[in-house]
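Q: Following this message is one structure expressed as structure tokens.
The values are calculated or read from the model by the stated rules, or taken from the named source; none is laboratory data. Source: prediction; values computed, not measured. Using ideal geometry, Cβ is built from the backbone for each residue, glycine included, and neighbour counts are taken over all protein chains shown. These accessible areas exclude ligands, DNA and RNA; they are computed on the full protein's heavy atoms, side chains included. Shrake-Rupley method; radii C 1.70, N 1.55, O 1.52, S 1.80 Å.
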Amino acid sequence: MKFLRSPRATPYLLLLPAIVVILAVVLVPLLVSFWTSFTGYTLTKPATLFQFVGLRNYQRLLGNADFWWAFARTIMFITIALNLELVLGLGLALLINKITWGQRTLRTIMMFPMMFSPILVGFQFKYLFNDAVGLVNNALFDLGLIHEPIAWLVEAGLANFSIIFAEMWMSTSVFAILLLAGLMALPKEPIEAARVDGCNAWQVFRHITLPFLMPFIYIALTIRSLDVARAYDMVKIMTNGGPAQRTELLWTLMTRVGYQNSQMGMANAMGYISIIVSIAFTVFYYRKLTSARAFMGGAQ
Amino acid sequence: MSASLTMEKPWQRWLIRFGVFVAMVILVVPGAWVVLTAFRPNIEILARPAVWIPHQLTLRNFQGIFGLLTTQPGLPVVQYFINSLVISVTSTVVALAIGMMGGYAFARYRFRGKGALFLGFMLSRTVPGVALSLPLFIVWARIGLIDTELGLIIVYLAINVPFTIWLTDGFFRQIPVDLSEAAQIDGCTRWQAFWRVEFPLARAGLASAAIFAFLTSWNEFALASQLSRTTASKTLPVGLLDFTAQFNVDWAGMSALAVLIIIPALVLTFVVQKQLIAGLTFGGVKG
Amino acid sequence: MANVSLKKVVKRYGREEVVHGIDLEVAHNEFVVLVGPSGCGKSTTLRMVAGLEDISDGLIEIGGRVVNALPPRSRNISMVFQSYALYPHMTVRENLGFGLKIAKQSDSEIKKRVDEAADILGLEPYMERLPQHLSGGQRQRVAMGRAIVRNPDVFLFDEPLSNLDAKLRGQMRVEIKKLHQRVKTTVIYVTHDQVEAMTLADRIVIMRDGYVEQVGTPSDVFDRPANVFVAGFIGSPPMNLLDAVVASAGGRPVGRLIDGVDVPLPGDVAVREGQEIVIGFRPESFAPRGYSLHGAENSLAMTRPVLIAEPLGTETILFAELGGREVQGKMLNPRVVKAGETLEFTLDLARLHVFDKASGKSLRG
Ligand SMILES: Nc1ncnc2c1ncn2[C@@H]1O[C@H](COP(=O)(O)OP(=O)(O)OP(=O)(O)O)[C@@H](O)[C@H]1O
Ligand SMILES: [Mg+2]
């Protein structure tokens, strides 16, 4: 009681509501799901919540090919998407940075995809890639490039391509905007000094611009890795993991197992694995960020 | 950077412009196509060969989803819209208040466990919505929060609070401590000093935090799709999926609904885009 | 009556103690300057008086009232920050009136007092501007205006001039002095610039590493530094300090320098033979014959080549070697001197300072 009135308590009191909310909505449910991942909990049979089965869910998962496919596809998806977005975003930022006229308008256009709900992005590309009425096929037809409709969202390779394309459409601009801000903050003197020292354009980029941008790059990667799982919404409406699990990701698989098959215990085990994957990516980039900052001369 | 432009040869300059043009086309066309579809009659959308230039524009698709046409049953779009608005606005306002308190604590006080707490908040944000939806479904079902607006509001609070803390921490740190101290010397209590000096100065930053929170709630699907069941709490993004349940995909209707979802986000974003970018960038760079 | 007294005031950050039991009495309307090298605890001490840092140990009284537990707003003080800390979202007028507004003064009263302060500081032309549209000197004035408007018992300044260029700093120093003569109040002023300290202070407090080294009037600390640290800190160019050992020559104690030169010690110092001491003399006391400040009776003459000559107009600083070190001398009403030229210097023995080497304390009675 005495502590609560002392000034030392102030920061804790300020943080209390935030802590309570996170406890109630994240931590407690996660504990519940941690427990259920060791039970044979099925939604339809409430009593099974207390049927402890040890590591059986995890064992089954690890021995299940569907799971491993989804797992591998998810890791691939995150890796490919984040890296491609980074490269394209960097390219776009460099291009726009060279343009002197209408930069603001360009930046505004780039914000466009960021406002789209992932579910809208999914719908949009489901429509565009539709084999019968989609813009893509229509264009290819009328240009005389194809004579049979291409089943973009059905054939395994194409379907995965379409999903990655949609994901990149949605998120490349996040990188572009952040890196553009970085480029604009780039001090001029080092570049001029490097020019005087005889560096060519590539060397200037490689030795001055890029190191300076590194913190921005890792911030962008950290922010993106935080919500890369939003791609679930997109996939859900585009293919829902199908057809025949050709585009199944961890996230779609777990909802199928949890809600459609009611195997909550199993789904939660998968949920835990997906959480660990997300945290791993975030922590990886965050650590890179801190070291990049330290490298930049301790700029906090 | 204008100095460097003079060093490019004309063909390089045109190549750069062409590259930017292609990128912008890719960014704009898909969305624009959906918007256009929302205003086209179904015959044109389904026409073979494709009709590129619309012959006529119509509002029928919107009338359709609002149930104003006798030919098809409407969706409770109005109710979805209201739900979305109530849920997003409430959770944004509350998340902002809670997050601002937290951000202020991190920016202004030293205390034990600070680093660990901050990390904890950020890690809570990494938990994918889908993965969280499973246990939340179990817990919310037990305490009767399934299919209620309150249930979703609370969930969105937890999603938005960490990011708000992160942003506001950055913004408050930008404001020199001296100012609050000067205000206290001038006779303010710490509370008055906050409201009269620090809060007005952080306002732009708080606005951007608010937009982020609003957009996140407004656009969220993974959790809403599991935690809502009926018109009592279904939001617009979940409503969009109503269409796919039907046998024939109603592209025109879905496009119309998509336009409804995007408009508020669009308006809001353009109004405050400057703060938005500031928020995105410096929370991390300087924070 | 607003005297300020610090009694055994201690400040700890965690386990680290940065201010070690300071005692200080500041009289009503007195202008006291805290001076010392960076990191010595000046700001910390001032901020404890202001109530911005809590006091780990000891007592602080303002006007006879213990204020340890009082928040800043209840201490009736005002403070000028190094960064000025002007409210960026308020105009100059609002900045000046903010404290009165918080104190719920009437609008007419606020206007009257703000205009009065603006008049004193010449701020009228800028009243409706935001701080970002003011020059450094103008901001500094606004910061001072904000402090005087509230008519406080005690003024606190934390290096208020250190962000100004040299010329402006000189002007503002004079203005602060005038201001103090006009609005008589108790002032505690922190600086690390000893010229500011000397020109402004009624009394100077010299601090080092969280301890008070000496308290005294400017002439006290200049003419009778209590220890080697104060001797070296106050005065510009700094006092020459040479290691020596006490010996006797002709029955009188002398300080024998490393190069064998014997410097006769004043009669009032208590030394014993063989004692290690530090001999100090200001550049003013070491001058070419005929160019010194105080005649040349009772002085030690020596011939030295000039290493470097720095002409400053009314005086020239000369560098020469003595006691194995480079020492500085001051030539008043100078003629042109070239490096390498050999001059006869006189060392004024009456103004010699002698310190014990081990303790650093002055040995003059
Ligand atoms: N919040 C803090 N935590 C730990 N140590 C601190 C803190 N604030 C100050 N110190 C330490 O206290 C000592 C005194 O600091 P203070 O700011 O009073 O110095 P100062 O004399 O004002 O120096 P300057 O002339 O540079 O302003 C310094 O060694 C500093 O590192
Ligand atoms: Mg200081």
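Q: Can you report the number of residues in the stretch C:138-171 which are in contact with a Lys or Arg (Cβ under 9 Å, 6 or more places away or on another chain) and within 16 Å of ligand 1 (Cβ to nearest atom)?
A: The qualifying residues number 6.
Q: If we scan the stretch A:141-161, do we find a residue that is open to solvent by less than 10 Å² (accessible area, probe 1.4 Å), more than 8 Å from every other protein chain (Cβ to nearest Cβ), in contact (Cβ under 8 Å) with a residue 24 or more places away in the chain and of a type outside the set (G, A, S)?
A: No, the stretch A:141-161 has no match at all.
Q: So, one more: Considering only the stretch A:30-52, I want to know if a residue exists there that is modelled with pLDDT of 85 or more and within 25 Å of B:G99 (Cα to Cα).
A: Yes, the stretch A:30-52 contains a residue that is modelled with pLDDT of 85 or more and within 25 Å of B:G99 (Cα to Cα).
Every residue, every condition in (1) more than 16 Å from ligand 2 (Cβ to nearest atom); (2) open to solvent by 10 Å² or more (accessible area, probe 1.4 Å); (3) on the phi > 0 side of the Ramachandran plot, yes or no:
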residue	(1), (2), (3)
C:S43	no, yes, no
C:G51	yes, yes, yes
C:G58	yes, yes, yes
C:G64	yes, yes, yes
C:E116	yes, yes, no
C:Y126	yes, yes, no
C:Q138	yes, yes, no
C:A143	no, no, no
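Q: I'd like to check something: does the stretch C:84-95 contain any residue that is within 16 Å of ligand 2 (Cβ to nearest atom) and either at positive phi or modelled with pLDDT of 95 or more (or both)?
A: Within the stretch C:84-95, one or more residues are within 16 Å of ligand 2 (Cβ to nearest atom) and either at positive phi or modelled with pLDDT of 95 or more (or both).
Q: May I pose another question? Listed residues B:R142, B:R125; which is at the interface with chain A (Cβ under 7 Å from one of its Cβ atoms) and open to solvent by 20 Å² or more (accessible area, probe 1.4 Å)?
A: Being at the interface with chain A (Cβ under 7 Å from one of its Cβ atoms) and open to solvent by 20 Å² or more (accessible area, probe 1.4 Å) holds for just one of B:R142, B:R125, which is B:R125.
Q: Next question. Between a residue in the stretch B:140-151 that is in contact (Cβ under 8 Å) with a residue 40 or more places away in the chain and any residue that is of a type in the set (S, T, Y) and surrounded by fewer than 19 Cβ atoms within 10 Å (Cβ to Cβ), which pairs come within a Cβ distance under 7 Å, given they are 6 or more apart or on different chains?
A: Cβ pairs passing all conditions: B:D147/B:T230.
Q: Looking at C:G340, C:G323, which is the one that is open to solvent by less than 40 Å² (accessible area, probe 1.4 Å) and in the same structural domain as C:P264 (by TED's automatic domain parsing)?
A: Going through C:G340, C:G323 in turn, the sole match is C:G323.
Q: Does the stretch C:40-56 contain at least one residue that is within 12 Å of ligand 1 (Cβ to nearest atom), of a type in the set (A, V, I, L, M) and more than 14 Å from chain B (Cβ to nearest Cβ)?
A: No, the stretch C:40-56 contains no residue that is within 12 Å of ligand 1 (Cβ to nearest atom), of a type in the set (A, V, I, L, M) and more than 14 Å from chain B (Cβ to nearest Cβ).
Q: Do any helices (runs of 4 or more DSSP H) lying entirely in the stretch A:1-89 carry at least 1 residues that are more than 13 Å from chain B (Cβ to nearest Cβ) and surrounded by fewer than 14 Cβ atoms within 10 Å (Cβ to Cβ), and which ones are they?
A: Answer list for the stretch A:1-89: A:2-5, A:56-62.
Matching residues to (1) among the hydroxyl-bearing types (S, T, Y); (2) exposed (fewer than 15 other Cβ atoms within 10 Å of the Cβ); (3) on the phi > 0 side of the Ramachandran plot:
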position	(1), (2), (3)
C:S5	yes, no, no
C:V9	no, no, no
C:Y13	yes, yes, no
C:I22	no, no, no
C:L34	no, no, no
C:L46	no, no, no
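Q: Can I ask one more? Does C:A358 meet the test of being in a strand (DSSP E or B) and surrounded by fewer than 18 Cβ atoms within 10 Å (Cβ to Cβ)?
A: No: the conditions fail for C:A358.
Q: Additional query: In the stretch B:18-41, is there at least one residue being more than 9 Å from chain A (Cβ to nearest Cβ), touching a Gly at 6+ places or on another chain (Cβ under 6 Å) and among the hydrophobic types (A, V, I, L, M, F, W, C)?
A: There is no residue in the stretch B:18-41 that is more than 9 Å from chain A (Cβ to nearest Cβ), touching a Gly at 6+ places or on another chain (Cβ under 6 Å) and among the hydrophobic types (A, V, I, L, M, F, W, C).
Q: Next question, about the same structure. Filter the stretch A:249-292 for residues that are more than 7 Å from chain B (Cβ to nearest Cβ), of a type in the set (A, V, I, L, M) and touching a strand residue (DSSP E or B) at 6+ places or on another chain (Cβ under 7 Å) and give the result.
A: The one that is more than 7 Å from chain B (Cβ to nearest Cβ), of a type in the set (A, V, I, L, M) and touching a strand residue (DSSP E or B) at 6+ places or on another chain (Cβ under 7 Å): A:V257.
Q: Another question about this same structure. With the requirement that a residue be assigned to a loop (DSSP other than H, G, I, E, B) and at pLDDT 85 or above, what does the stretch A:217-246 give you?
A: Selection gives A:T239 alone.
Matching residues to (1) more than 19 Å from C:D153 (Cβ to Cβ); (2) within 16 Å of ligand 2 (Cβ to nearest atom):
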{"residue": "C:S5", "(1), (2)": "no, no"}
{"residue": "C:V10", "(1), (2)": "yes, no"}
{"residue": "C:E17", "(1), (2)": "yes, no"}
{"residue": "C:L24", "(1), (2)": "no, no"}
{"residue": "C:G39", "(1), (2)": "yes, yes"}
{"residue": "C:D54", "(1), (2)": "yes, no"}
